[in-house]
Amino acid sequence: MKSIIRKIMIVLAFSTALFALQIPQNHIVSTNWLQKNLGSKNLVIIDTRKPEAYKKSHIKGAINYPKKSFFKGKLGNIPKLPSTLEQVQKMLQDAGVSEDSAIIFYSAGEKNKDFADAASGIWNLWLYGIQKSALLNGGYAKWSFEKRDVTSKLPKIAKSDIELDRYDGSIIASLSDINEAIYDEDKQITDARVSKFYTGSDKRKDLARHGRIPTAKLTPVIRYTKNMGKYFELISPKEAKKTLHNSGYGVELDKPLITYCNTGHKARGLWFVSRFLIGMKNVQVFDGSMVEYSRTNLPMETGEPME
């Protein structure tokens with residue numbers, strides 16, 4: 001009898017795995033994919049827009065965690081670091097996330113940089129071992145443009161008891177990692193901001209100094225989306241590789257890469273593009289970015305690069 005019960009349990013476990021939601025390998029889902037799986041038991045949808053936009057209308061079942069939800073960490077006078085394990089764990093519990101959940105993040109999709117909001121959430125979860133997540137290509141703007149169902153009703157969420165006990169330090173770079181990469185030709189640093197920050201001509205108040213980290217290549221995160229008229233979506237992997245490599249003047253796709261911006265937001269977007277759209281293996285985010293680096297005595301560069 002015990003043997004029969006054991007066989008039944010194995011079959012049930014196999015069946016559950018077989019019919020579980022499968023996240024695409026590139027961690028990008030289409031509106032068709034989401035529509036097809038809407039209402040699935042293990043699907044969790046996270047809206048990263050501002051609360052007022054979410055309350056007006058959102059995808060059915062979505063819970064609202066604006067991008068600032070993933071920047072609650074702080075170290076000394078360095079703000080907007082990744083949310084802590086405890087903070088992320090509470091968010092996941094409140095969203096009803098379990099070990100079997102597939103988590104889909106979506107952003108507004110109205111601007112060329114919006115996808116970084118969703119990518120930021122994915123990166124922060126990845127930091128604590130939650131990898132079954134994906135980004136909705138085109139965001140809410142594409143979903144709405146296609147006249148798919150939306151609602152203003154808040155979902156009823158049954159809290160989960162998920163506990164986080166992992167930390168993936170391979171996707172995060174420290175200040176010492178940055179300092180080492182500056183002098184190591186086999187390691188690359190890339191700046192996800194636009195040129196005014198890269199050259200130091202901005203007047204951003206939370207930066208102690210203005211400019212860029214030496215050896216950093218300029219690769220604005222806004223280069224990796226295209227305007228589809230009513231929404232922005234990611235460019236193709238082929239286009240992304242060409243853009244990041246920049247005919248040999250940009251990033252070498254087979255070498256380790258560290259991304260940064262001002263606070264780590266756009267850097268997380270570039271991490272997502274490099275890691276999943278392009279398929280690079282070794283990509284890290286300097287979480288303190290220029291808010292931290294500008295407060296050190298380490299060298300900085302301004303103006304146009306010499307090369």
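The values are calculated or read from the model by the stated rules, or taken from the named source; none is laboratory data. Being a predicted model, the structure only gives us computed values, none of them experimental. Note that each Cβ is placed from the backbone with ideal geometry, even for glycine, and that neighbours are counted across all protein chains shown.
Go through region 204-253 and give me each residue that's among the acidic types (Asp, Glu) and within 21 Å of the chain's Cα centre (by Cα).
Once the filter is applied, which keeps residues that are among the acidic types (Asp, Glu) and within 21 Å of the chain's Cα centre (by Cα), region 204-253 yields GLU233, GLU239.
What are the residues in region 27-71 that are of a type in the set (Asp, Glu) and touching a strand residue (DSSP E or B) at 6+ places or on another chain (Cβ under 9 Å), if any? Within region 27-71, just ASP47 meets the criteria. The listed residues are ILE189, ILE178, ILE157, ILE171, and the only one of them that is of a type in the set (A, V, I, L, M), crowded, with 21+ Cβ neighbours inside 10 Å and under 26 Å from HIS27 (Cα atoms) turns out to be ILE189. For LYS230, the conditions (1) closer than 29 Å to VAL291 by Cα; (2) assigned to a loop (DSSP other than H, G, I, E, B) all hold with the exception of (1).
Quick grid of which residues meet (1) modelled with pLDDT under 95; (2) assigned by TED's automatic domain parsing to the domain that holds LYS196:
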| site | (1), (2) |
| --- | --- |
| TYR260 | no, yes |
| LYS266 | no, yes |
| GLY269 | no, yes |
| PHE276 | no, yes |
| VAL285 | no, yes |
| GLY288 | no, yes |
| LEU298 | no, no |
| GLU304 | yes, no |
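The criterion of being of a type in the set (A, V, I, L, M) and assigned to a strand (DSSP E or B) holds for ILE189. Within region 90-127, the set of residues being buried (at least 19 other Cβ atoms within 10 Å of the Cβ) and over 13 Å from the mean Cα position of the chain (by Cα) comprises MET91, LEU92, ALA95, VAL97, SER101, ALA102, ALA108, GLY109. Taking each residue of region 61-88 that is assigned by TED's automatic domain parsing to the domain that holds ASP47 and looking for partners that are aromatic (Phe, Trp, Tyr) and outside any loop (DSSP other than H, G, I, E, B) with beta-carbon atoms closer than 6 Å, six or more apart or interchain, yields ASN64/TYR54; SER83/PHE70. Filtering region 253-307 to residues that are in contact with a Cys (Cβ under 6 Å, 6 or more places away or on another chain) and polar (S, T, N, Q) leaves only SER289.
Among residues of region 147-169 that are at negative phi, those with a Cβ under 7 angstrom from a residue that is part of a loop (DSSP other than H, G, I, E, B) and at pLDDT below 95, sequence gap 6+ or separate chain, pair up as ILE162/GLU99. Residues in region 282-299: is at least one farther than 21 Å from ALA119 by Cβ, among the hydrophobic types (A, V, I, L, M, F, W, C) and touching a residue at least 40 places away in the same chain (Cβ under 8 Å)? Checked region 282-299: at least one residue is farther than 21 Å from ALA119 by Cβ, among the hydrophobic types (A, V, I, L, M, F, W, C) and touching a residue at least 40 places away in the same chain (Cβ under 8 Å).
Restricting the search to region 67-77, which residues are surrounded by fewer than 17 Cβ atoms within 10 Å (Cβ to Cβ) and hydrophobic (A, V, I, L, M, F, W, C)? Listed by number, the list holds a single entry, LEU75. If we scan region 246-259, do we find a residue that is outside any loop (DSSP other than H, G, I, E, B) and exposed (fewer than 13 other Cβ atoms within 10 Å of the Cβ)? Yes, the conditions are met somewhere in region 246-259. Only a single criterion out of (1) touching a residue at least 60 places away in the same chain (Cβ under 8 Å); (2) farther than 23 Å from ARG295 by Cα; (3) of a type outside the set (A, V, I, L, M) is not satisfied by GLY211, namely (2). Set side by side, the residues LEU34, LEU43 differ, and just one is within 18 Å of TYR231 (Cα to Cα), of a type in the set (A, V, I, L, M, F, W, C) and at pLDDT 95 or above, which is LEU34. Looking only at residues of region 77-99 that are acidic (Asp, Glu) and at pLDDT 95 or above, we find that the one that is nearest to GLN22 (Cα to Cα) is ASP94. For region 192-202, the candidate set comprises residues that are of a type in the set (D, E, K, R) and surrounded by fewer than 19 Cβ atoms within 10 Å (Cβ to Cβ); within that set, the residue that is nearest to the chain's Cα centre (by Cα) is LYS196.
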